[in-house]
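First up is the structure itself, then whatever we jot down about it.
The values are calculated or read from the model by the stated rules, or taken from the named source; none is laboratory data. These numbers were taken from a predicted model, which means no experiment stands behind them. We place every Cβ from the backbone using ideal geometry, glycine too, and count neighbours over all the protein chains shown. Note: accessible area is taken over every heavy atom of the protein model, side chains too, but ligands, DNA and RNA are not part of it. Shrake-Rupley method; radii C 1.70, N 1.55, O 1.52, S 1.80 Å.
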Amino acid sequence: MKKTFFIVLAAIAIIIAAAYILLPQKPVIARDLSIDTSDVIAAKFITTTSGWDKWWPGIKISDKQYSFQDARISIEKMTNSSTYIKLQKDNLTFNGEISCFADAEGSVKFKWDAIDQSNTGFSSRLNNYFKTRTAENQVAEILLSLKHFLEDEKNAYGYKIYLNHAKDTVLLVSAGTYPAYPSLQAVYNTVETLKQQADNQGAKQTNFPMLNVTQTGEHEYQVNVALPINKRITPVQKTSINNIPKGGNLLVADVRGGQNTVNNALAQMKIYMKDHRLVSPAMPFQSLITDRITQKDTSKWITKIYYPIL
């Protein structure tokens, strides 16, 4: 009986000693996750408080103070590629950072590393081990929420950007140079001229009129107005026929708002293309879904932006 008792006691002692050796001396959080985004977009949302406010899955308590479930997170400092944070959970305080860096092509690796500096005995170390695993699982949930947020283009770029294919293959185009940004009246006068020219030769309009305005100098704007039609015709002076390959790839953004909003969407699409290493063989164009002459409220304008890509 005594022999069995000492064997059991020895086994318990060995288990305790092994656990004491194997359990980390200090509680550590170490989580990482790859997200399909660019380093520019990653930094925009991870190293600015305005970015955090948009994606944080928990509650914002105050400036630079957030909570998630029973954990409290404080932002201590932000740099170009990292945010230094303090995570408090129960009696533990984890100091560390969230960093991001380019991973595989088209993705960014996010790392959340933190450590609690408390010196504790065995019983506290065992108790803190389980608390740390809970905290680490919470960090994993936070990073997964960030992944879902950033992989939605509308969150990352402000607009839903998607791929489509060209259906209108024949464009009747008018190109001209203006000393200032063209007025709506000038644009729609050109549209009416194109409609008349197409009608005179038995061609039908197949989609909304298109517009591209490119500033080429301090007081010079190159303006292209196009009308999609169902067949080739003989263009008259100052007009031409352009062909778009049927089924060609088009990057598309749906925009609601005035010209400033459209210009911003064009800029965001350029960033999107750069982030995704896309090349455009031709100029982008605005498809004027809303008749901007009759609809005076610019907040109700609907525009589709098309960017041909290879």
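Quick one: which strands (runs of 3 or more DSSP E) sit completely within the stretch 69-167 and have at least 3 residues that are farther than 30 Å from Asn260 by Cα?
On the way: elements: 71-78, 82-89, 92-102, 108-115, 161-165.
Here the list reads 71-78, 82-89, 92-102, 108-115.
If only one of Tyr157, Tyr129 is more than 27 Å from Gln237 (Cα to Cα), touching a residue at least 12 places away in the same chain (Cβ under 8 Å) and touching a Phe, Trp or Tyr at 6+ places or on another chain (Cβ under 6 Å), which one is it?
Numbers: Tyr129 fails: touching a Phe, Trp or Tyr at 6+ places or on another chain (Cβ under 6 Å).
Unique residue meeting the criteria: Tyr157.
Looking at Ser287, Ser240, which one is under 17 Å from Leu194 (Cα atoms), out of contact with any helix residue (DSSP H, G or I) (no Cβ under 8 Å at 6 or more places or on another chain), crowded, with 18+ Cβ neighbours inside 10 Å and touching a residue at least 40 places away in the same chain (Cβ under 8 Å)? Show your work before the answer.
Working: Ser240 fails: crowded, with 18+ Cβ neighbours inside 10 Å.
So the residue among Ser287, Ser240 that is under 17 Å from Leu194 (Cα atoms), out of contact with any helix residue (DSSP H, G or I) (no Cβ under 8 Å at 6 or more places or on another chain), crowded, with 18+ Cβ neighbours inside 10 Å and touching a residue at least 40 places away in the same chain (Cβ under 8 Å) is Ser287.
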Every residue in the stretch 150-181 that is within 30 Å of Lys89 (Cα to Cα) and at pLDDT 95 or above, please.
none
Among Leu163, Leu171, the single one that is over 30 Å from Gly51 (Cα atoms) and either within 35 Å of the chain's Cα centre (by Cα) or open to solvent by less than 80 Å² (accessible area, probe 1.4 Å) (or both) is Leu171
Among (1) at pLDDT below 90; (2) surrounded by fewer than 17 Cβ atoms within 10 Å (Cβ to Cβ), there is one condition Asp70 misses while meeting the rest; what is its number?
(1)
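Among the residues of the stretch 7-55, how many are assigned to a helix (DSSP H, G or I), at pLDDT below 85 and open to solvent by 90 Å² or more (accessible area, probe 1.4 Å)?
Restricting attention to the stretch 7-55, the residues satisfying the condition of being assigned to a helix (DSSP H, G or I) are 7-22, 39-46, 49-55.
From the residues that got through so far, the ones that are at pLDDT below 85 too are 7-22.
The next check asks that each one be open to solvent by 90 Å² or more (accessible area, probe 1.4 Å); those that pass are 7, 14-15, 20-22.
Residues in the stretch 7-55 being assigned to a helix (DSSP H, G or I), at pLDDT below 85 and open to solvent by 90 Å² or more (accessible area, probe 1.4 Å): 6 in total.
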In this structure, is Ala253 more than 18 Å from Val225 (Cα to Cα), surrounded by 14 or more Cβ atoms within 10 Å (Cβ to Cβ) and among the aliphatic types (A, V, I, L, M)?
yes
Tell me yes or no: at least one residue of the stretch 183-198 is of a type in the set (S, T, N, Q), within 21 Å of Ala282 (Cα to Cα) and surrounded by 12 or more Cβ atoms within 10 Å (Cβ to Cβ).
no
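Could you pull out the residue among Gln197, Gln222 that is more than 27 Å from Val279 (Cβ to Cβ), among the polar types (S, T, N, Q) and free of Cβ contacts under 8 Å to residues at least 60 places away in the same chain? Spell out the reasoning first.
Values: Gln222 fails: more than 27 Å from Val279 (Cβ to Cβ).
Sole residue among the options that is more than 27 Å from Val279 (Cβ to Cβ), among the polar types (S, T, N, Q) and free of Cβ contacts under 8 Å to residues at least 60 places away in the same chain: Gln197.
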